[in-house]
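Peer 1: Can you read through this structure? Questions will come right after.
The values are calculated or read from the model by the stated rules, or taken from the named source; none is laboratory data. A quick note: this is a predicted structure, and the numbers were derived from the prediction, not measured. No Cβ is skipped: glycine too gets one built from the backbone with ideal geometry, and neighbour counts run over all protein chains shown. These area figures cover heavy atoms from the full protein model, side chains too; ligands, DNA and RNA do not enter into them. Shrake-Rupley method; radii C 1.70, N 1.55, O 1.52, S 1.80 Å.
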Amino acid sequence: TELRDQVLGVVAHDLRSPLSTILMQTSILKRQGPEPERRSQKPMDVIRRTAERMNRLIQDLLDVALVEAGQMIIEPERLSAGELVLEAVDMQRPLASSSSLELRVDLQSDLPAVWGDRDRLLQVLENLIGNAIKFTNAGGRITVSAASRDYEVIFRVEDTGSGIASENLPRVFD
């Protein structure tokens, strides 16, 4: 029961960020007016991708029984590390912009592919970027980067926010 409650808490938290993005993009479309020729395709693309992400998170809720049984579903595939970063940033950019934050991307030019579950990796990146947005004051900067080192790709989300309180550091990955 405790594990289920933790999973439900994580998924509820994860659903808030894409929902904020959808609401912001629909607001942009509304400001552009009803004429199709005035509408940008980009907000509609962001809404579609974000809705697909929310659908995956809802599926995660349905997977709670599998998590409780220790059988979390991972669907690994070969992925472009750079494209993962760009997609995660693209989904969070409207939220960062509305919070008056600069959202930068810094990708090493020769990034290798990674092997992983696309949705799970996007979930991690979106959570890190979303938390950076939440805890960085207006006028601040968030940089999302990826670089290869030896046989690894190192992903980073750095911000000018207040950081994690020292007493919470031991529990960051609980």
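Peer 1: I'd like the full set of residues that are β-branched (Val, Ile, Thr) and modelled with pLDDT of 95 or more, limited to the range 90-128.
Peer 2: Residues of the range 90-128 β-branched (Val, Ile, Thr): 105, 114, 124.
Residues satisfying the conditions are Val105, Val114.
Peer 1: Right, here's the next one. Report yes if Glu167 is without any contact (Cβ under 8 Å) to a residue 12 or more places away in the chain and open to solvent by 80 Å² or more (accessible area, probe 1.4 Å), otherwise no. Break it down into steps so the answer makes sense when it comes.
Peer 2: On the way: without any contact (Cβ under 8 Å) to a residue 12 or more places away in the chain: yes; open to solvent by 80 Å² or more (accessible area, probe 1.4 Å): yes.
Judged against the criteria, Glu167 is a match.
Peer 1: Which residue, of Ala96, Ala165, is of a type outside the set (Asp, Glu) and touching a Leu at 6+ places or on another chain (Cβ under 9 Å)?
Peer 2: Values: Ala165 fails: touching a Leu at 6+ places or on another chain (Cβ under 9 Å).
Ala96 is the lone residue from the list that is of a type outside the set (Asp, Glu) and touching a Leu at 6+ places or on another chain (Cβ under 9 Å).
Peer 1: If we keep just the residues of the range 65-112 that are among the charged types (D, E, K, R) and over 16 Å from Ala146 (Cβ atoms), which is surrounded by the most Cβ atoms within 10 Å (Cβ to Cβ)? Even if it seems obvious, please write down each step before you answer.
Peer 2: Our first condition is that a residue be among the charged types (D, E, K, R); within the range 65-112, this holds for 68, 75, 77-78, 83, 87, 90, 93, 102, 104, 106, 110.
From what is left, the residues that are over 16 Å from Ala146 (Cβ atoms) are 68, 75, 77, 93, 102.
Working: Glu68: 13, Glu75: 9, Glu77: 10, Arg93: 19, Glu102: 13.
Among residues in the range 65-112 that are among the charged types (D, E, K, R) and over 16 Å from Ala146 (Cβ atoms), the one surrounded by the most Cβ atoms within 10 Å (Cβ to Cβ) is Arg93.
Peer 1: Cβ-Cβ distance below 7 Å, separation of 6 or more or different chains: which pairs start in the range 69-85 with a residue that is free of Cβ contacts under 8 Å to residues at least 60 places away in the same chain and end on one that is part of a helix (DSSP H, G or I) and open to solvent by 70 Å² or more (accessible area, probe 1.4 Å)?
Peer 2: From residues that are free of Cβ contacts under 8 Å to residues at least 60 places away in the same chain, the pairs are Glu77/Arg118; Leu79/Arg118.
Peer 1: Still on this structure, please answer the following. What about Glu2, is it open to solvent by 70 Å² or more (accessible area, probe 1.4 Å) and either more than 30 Å from Ser148 (Cα to Cα) or modelled with pLDDT of 75 or more (or both)?
Peer 2: It is true that Glu2 is open to solvent by 70 Å² or more (accessible area, probe 1.4 Å) and either more than 30 Å from Ser148 (Cα to Cα) or modelled with pLDDT of 75 or more (or both).
Peer 1: Quick one: which of Arg156, Arg120 is in a helix (DSSP H, G or I) and open to solvent by 20 Å² or more (accessible area, probe 1.4 Å)?
Peer 2: On the way: Arg156 fails: in a helix (DSSP H, G or I).
Answer to the selection: Arg120.
Peer 1: Just give me the residues in the range 124-153 being of a type in the set (Lys, Arg) and open to solvent by 100 Å² or more (accessible area, probe 1.4 Å), in sequence order.
Peer 2: Applying the first criterion (of a type in the set (Lys, Arg)) to the range 124-153 yields 134, 141, 149.
Those that are of a type in the set (Lys, Arg) and open to solvent by 100 Å² or more (accessible area, probe 1.4 Å): Lys134, Arg149.
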